[in-house]
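**Student:** The structure is given below, and queries will be raised subsequently.
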Amino acid sequence: MAVKAENKLVDSELKVMNVIWRLGEPTARQVAEVLQAEVGWNINTTYTLIKRCIQKGAVQRQEPHFVCRALVSKASVQAAETNNLINKIFDGSEEQLFAALLGREKVSAQQVAQLKQLVEDWPNEC
């Protein structure tokens, strides 16, 4: 299941989702503790963001103990965000995105080789 366009997750909500994806089915308190340590957020901030994720259909609250269960996969959110980036910044051109990635000074020869291998291994049905 994917998050609808009108319910797109903002950066702070994605931080919450990343913790949920990483931990599996954590309690809201566990999510808050991780984000307090990693980002410095207080518990109320995290709870507010979890509630927004629930309202957007990305998270389900389960009782007891306010357990957070992701209703959207990380892969589906990554795919949607990638499509948004390609459409918004690269005029819908995957080639321009790929060229921009390869043009970065931080791409090592090993990373280029890995990218070449990904392309060679990609299924031909696409």
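**Student:** Scan E81, E95 and give me the residue that is open to solvent by 70 Å² or more (accessible area, probe 1.4 Å) and out of contact with any Phe, Trp or Tyr (no Cβ under 9 Å at 6 or more places or on another chain).
**Tutor:** E95
**Student:** Then there is this: Mind checking whether some residue in region 49-72 is open to solvent by less than 80 Å² (accessible area, probe 1.4 Å), touching a residue at least 12 places away in the same chain (Cβ under 8 Å) and polar (S, T, N, Q)?
**Tutor:** Looking through region 49-72, at least one residue is open to solvent by less than 80 Å² (accessible area, probe 1.4 Å), touching a residue at least 12 places away in the same chain (Cβ under 8 Å) and polar (S, T, N, Q).
**Student:** Still on this structure, please answer the following. Check every one of the helices (runs of 4 or more DSSP H) wholly within region 60-126 and list those with 2 or more residues that are under 20 Å from the mean Cα position of the chain (by Cα).
**Tutor:** Once the helices (runs of 4 or more DSSP H) in region 60-126 are filtered for at least 2 residues that are under 20 Å from the mean Cα position of the chain (by Cα), what remains is 74-89, 94-102.
**Student:** Now for a different question. Quick one: in region 18-48, of everything that is open to solvent by 60 Å² or more (accessible area, probe 1.4 Å) and not in a helix (DSSP H, G or I), which residue is nearest to F66 (Cα to Cα)?
**Tutor:** It comes out as E25.
**Student:** Determine whether W41 is aromatic (F, W, Y) and in contact with a strand residue (DSSP E or B) (Cβ under 9 Å, 6 or more places away or on another chain).
**Tutor:** Judged against the criteria, W41 is not a match.
The values are calculated or read from the model by the stated rules, or taken from the named source; none is laboratory data. Owing to the predicted nature of the structure, the values given are computational and were not obtained by experimental measurement. Positions of Cβ are backbone-derived with ideal geometry, glycine not excepted, and every protein chain shown enters the neighbour counts. Keep in mind that these areas ignore ligands, DNA and RNA; they rest on the heavy atoms of the full protein, side chains included. Shrake-Rupley method; radii C 1.70, N 1.55, O 1.52, S 1.80 Å.
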